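These notes are about the structure you will find just below.
The values are calculated or read from the model by the stated rules, or taken from the named source; none is laboratory data. All values reported here derive from a predicted model rather than from experimental measurement. Every residue, glycine among them, receives a Cβ derived from its backbone with ideal geometry; neighbour counts consider all protein chains shown.
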Amino acid sequence: MPNQSMQLNQVFQALADPTRRAVLERLGNGPATTSELAQPFKMALPSFSQHLAMLEHCGLVQSRKEGRTRTYRLMPRRLRTAEHWMNRQRALWEKRLDQLDSYLKEIKESGE
């Protein structure tokens, strides 16, 4: 379980940055080269490559090098891990809010 928690932390850390989220959105349309991914951003390629390295380190993307070209593709499995965690949290809080709603209705009805 600690390893899964660490992986989840890495995914959320990666998703916390707007540049990395934009890269993931772009890769949702299909694989792209480093230069294609970097094109919309106004930053030096080494700085942009650090974003790609983090995404690859936490398992959100995978790269393949052919000659001098590195191509990235989305690896949705890690996103699903975060999605499952958020779904569990949503269910927990919806249950708690439903209980609060029932309690408040009870109080209101008994006070009238």
Would you be able to say whether some residue in the range 13-33 is within 17 Å of Tyr72 (Cβ to Cβ), without any contact (Cβ under 8 Å) to a residue 24 or more places away in the chain and part of a loop (DSSP other than H, G, I, E, B)? yes
Qualifying residues in the range 58-68 (those that are surrounded by 11 or more Cβ atoms within 10 Å (Cβ to Cβ) and at pLDDT 95 or above) - the one nearest to Ser5 (Cα to Cα): Leu60
Filter result (under 14 Å from Arg21 (Cα atoms) and touching a residue at least 40 places away in the same chain (Cβ under 8 Å)) within the range 60-71: Leu60
Screening Arg78, Arg90, Arg73 for residues that are modelled with pLDDT under 90 and not acidic (Asp, Glu) leaves only Arg78
Against the condition loosely packed, with under 10 Cβ neighbours inside 10 Å, of a type in the set (D, E, K, R), closer than 30 Å to Gln4 by Cα and touching a residue at least 12 places away in the same chain (Cβ under 8 Å), how does Arg77 come out, does it pass? yes
In the range 1-25, residue farthest from the chain's Cα centre (by Cα) [restricted to those that are at pLDDT below 95 and not hydrophobic (A, V, I, L, M, F, W, C)]: Pro2
